[in-house]
Amino acid sequence: MAYTIDFTGKTALITGGASGIGYAIAEAFQEAGADVIVTAKSDNSLEKCNEKTRFGTLRKYKLDVTNDISIENIFAEIDDLHILVNNAGIVKRGLEYRIEHFADVINTNLMGVMRMSHDALPKLALTHGNIINIASMFSFFGSPMSPGYTASKTGLVGLTKSLANGWSEHHVRVNAIAPGYIVTKLTKPLREVDEQREKITDRIAIKKWGVPEDIAGAAVYLASDRASYTTGTTITVDGGYSIT
Ligand SMILES: NC(=O)c1ccc[n+]([C@@H]2O[C@H](COP(=O)([O-])OP(=O)(O)OC[C@H]3O[C@@H](n4cnc5c(N)ncnc54)[C@H](OP(=O)(O)O)[C@@H]3O)[C@@H](O)[C@H]2O)c1
C-alpha cells in the first residue's frame, strides 16, 4: 500500500488562506481529503479567491485577526476543528520604525496568532488537533527595513514553543514553518527591484525563489498523524537561504 496522509473527516481553518502560501496549503489539505476553510481580511481578496480548487470547494470567510468579535464570529460558524494554520500576516517594509506601524504588525502577526490559538483551543482539545504557525526567515535574521515584522516572527517561534509545552496536556500539538523567499503578493515589492531580487536569489542555495506549493508539503506533514511526536518545532523551508 502507498504511504498516505488522509485528512478525510477533518476540518482545517487557514487564516489568510485566500491567497499565496495559505491558498496552496488549503489546496494541499483538500487534496488529502480535509474540509477547508480559508479567510481573508478584505472583501477584495475574498472575492478574488477561487473557491473551486482541483479537489473540491473551499469555504470562505472574512476574518480580521486583530478583532475579537470577528474571531468569535468565525468560531461560532465552525463545528469541529482539527487543524488551525495561523498564516495571516503583514509587513510594512520601511515604515516599521514608526510605533503605530510597528504595533500594527505585532498586533496582526503575533497577537493575532495568540488570539486565534486561544479561541481555537477548546475545539482543538476535543479533536486532539494541532496548530501550525507561519514564521519567516526573519524569525532568525534581523531585517533592517522591518523591525516589527522581525520581532513578530521571532516571537512566533517562542510562542510556538510555549503553546506546545502548555497545551500538550490537552493533546494539542503546535509547530511552525519558516518559509524562505516565496513568490506571493507580499513579496511583490521586493521582486520588483532588480538588484534586491537578484541579491536574494544569489544567496539561496538552490538559486531560485520558492512558490507557495513548496510550503504546503511541510504543512501537510506537520498537520498529520505522521508528525504525532513533533511539537514546538519550527521547520525551515527556504531552498537553503539560511545555510549560506
Ligand atoms: N511570501 C514570502 O516570501 C513569505 C516568507 C516568509 C513568511 N511569509 C508569511 O507567510 C504568510 C502568508 O503570506 P503570503 O506571502 O502568502 O502573502 P499574502 O498572499 O499577502 O497573504 C497574507 C494573508 O493575510 C491576510 N491578512 C492580513 N492582515 C490580516 C488580518 N488583520 N486579519 C486576517 N487576515 C489578514 C491577507 O488578507 P487580505 O489579502 O484581505 O489583506 C492575506 O490573505 C504571512 O504570515 C507571511 O508573513 C511569507
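The values are calculated or read from the model by the stated rules, or taken from the named source; none is laboratory data. Predicted model, so just to flag it, every value in this text is computed and none were measured. With ideal geometry, Cβ positions are generated from the backbone for all residues, glycine too; neighbour counts draw on all protein chains shown. The protein model used for the area step is the full one, side chains on, heavy atoms only, and it has no ligands, DNA or RNA in it. Shrake-Rupley method; radii C 1.70, N 1.55, O 1.52, S 1.80 Å.
Structural remarks
- Given their separation in residues at 0.36 nm each and the Cα-Cα distance between them, L186 and T244 gain 18.5 nm when the chain is fully extended.
- A simple rule links phi to the HN-Hα coupling: the Karplus curve 6.51 cos²θ - 1.76 cosθ + 1.60 with θ = phi - 60°, which for segment 227-244 gives 9, 5, 9, 10, 8, x, 9, 10, 9, 8, 10, 9, x, x, 4, 7, 10, 9 Hz, with x for Gly and Pro.
- About its Cα centre, the dipole of the chain is roughly 520 debye, where the only charges are +1 on Lys and Arg Cβ and -1 on Asp and Glu Cβ.
- Full extension of the chain segment joining I78 with S228 gains 51.6 nm, where the gain is 0.36 nm per residue of separation less the Cα-Cα distance.
- By the compact-protein rule of thumb, 2.2 N^0.38 Å, the alpha-carbon radius of gyration of the chain corresponds to a ratio of 0.96.
- Springs join every pair of Cα atoms under 10 Å in this Gaussian network model of the chain, and among K123, K208, K48 the largest mean-square fluctuation is at K48.
- Ranked by how many other beta carbons lie within 10 Å on average, peptides 114-122, 227-235, 28-36 from highest: 28-36, 114-122, 227-235
- The residues of the chain have, on average, 48 Å² of accessible surface per residue, using a 1.4 Å probe with all protein chains present.
- Mean Cβ neighbour count within 10 Å, used as a protection proxy, ranking 103-109, 10-16 highest first: 10-16, 103-109
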